[in-house]
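These notes are about the structure you will find just below.
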Amino acid sequence: MVLLLALQASSGKVLCACQVPKGSSVLASDWAVAVCGHLGGNAGGSATVAKGVGTAKAEHVSRALRWAREYAEGRQESGTHT
């Protein structure tokens, strides 16, 4: 599983892209929607690949990455898609 966040410093936008293996307990679309929603944005995609956008200050991107990791780990442990 991989999630990338790229901060566009001039606009404060954070671009998000994620990919998970087929059959993963974490859906890429759910992960992207959750992370981008956490950043005040939106996302979409499929079960394996998704992308979206949110906003954040540079100092908040590392916090968003930690939150994204915790989200995915929690879904893997529980094996749920919600």
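The values are calculated or read from the model by the stated rules, or taken from the named source; none is laboratory data. In this text, all values refer to a predicted model and were calculated from it rather than measured experimentally. Counting neighbours? That spans all protein chains shown, and the Cβs are built from the backbone with ideal geometry, glycine included. Quick note on the areas: whole protein, heavy atoms, side chains included, nothing else; ligands and nucleic acids left out. Shrake-Rupley method; radii C 1.70, N 1.55, O 1.52, S 1.80 Å.
With every protein chain present, what is the per residue accessible area of the chain (1.4 Å probe, Å²)? Numbers along the way, then the final one.
Values: 4820 Å² over 82 residues.
Value returned for the chain: 59 Å² of accessible area per residue.
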Tell me, in nm to one decimal, what length is gained between Thr48 and Trp67 on full extension, where the rule is 0.36 nm per residue of separation less the Cα-Cα distance?
4.9 nm
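Summarise the accessible area of the chain (1.4 Å probe, protein heavy atoms) by the percent that is carbon and sulfur. All intermediate terms of the calculation are to be shown ahead of the outcome.
On the way: 2590 of 4820 Å².
Result for the chain: 54 percent of the exposed heavy-atom area is carbon or sulfur.
Is the shape of segment 1-42 best called rounded, prolate or oblate, per the rule: a/c under 1.5 gives rounded, else a/b larger than b/c gives prolate, else oblate, with a ≥ b ≥ c the square roots of the Cα gyration tensor eigenvalues? Let's see the in-between values first.
Working: a/c = 4.47, a/b = 2.02, b/c = 2.22.
Because a/c hits 1.5 or more and a/b fails to exceed b/c, segment 1-42 counts as oblate.
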Evaluate the distance, in nm, between pseudo-label points positioned 7 Å from the Cα of Thr55 and of Met1 along their respective Cα→Cβ axes.
2.8
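Per DSSP H run of n ≥ 4, the term is -39500 (n - 2.57); total these for the chain, divide by its residue number, and report the mean residue ellipticity at 222 nm rounded to 500 deg cm²/dmol. Each step should come with its number before you reach the end.
Values: 2 runs with 32 residues, N = 82.
For the chain, the value works out to -13000 deg cm²/dmol.
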Comparing Gly37, Gly12, Gly45 in a Gaussian network model of the chain (Cα, 10 Å), the one with the largest mean-square fluctuation is Gly12
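Please report, in whole Å³, the volume per residue of the convex hull around the C-alpha atoms of the chain. Write down the numbers at each step before the final one.
Working: hull volume 5.5 nm³, N = 82.
Cα-based convex hull of the chain, divided per residue, equals 67 Å³.
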What FRET efficiency do you get for Glu77 and Lys13 if R0 is 30 Å and r is their Cβ-Cβ distance, rounded to the nearest 0.05?
0.45
Mind listing the phi-derived Karplus ³J(HN,Hα) values for segment 6-11, rounded to whole Hz, using 6.51, -1.76 and 1.60 with θ = phi - 60°, and x for any glycine or proline?
10, 7, 9, 4, 5, 9
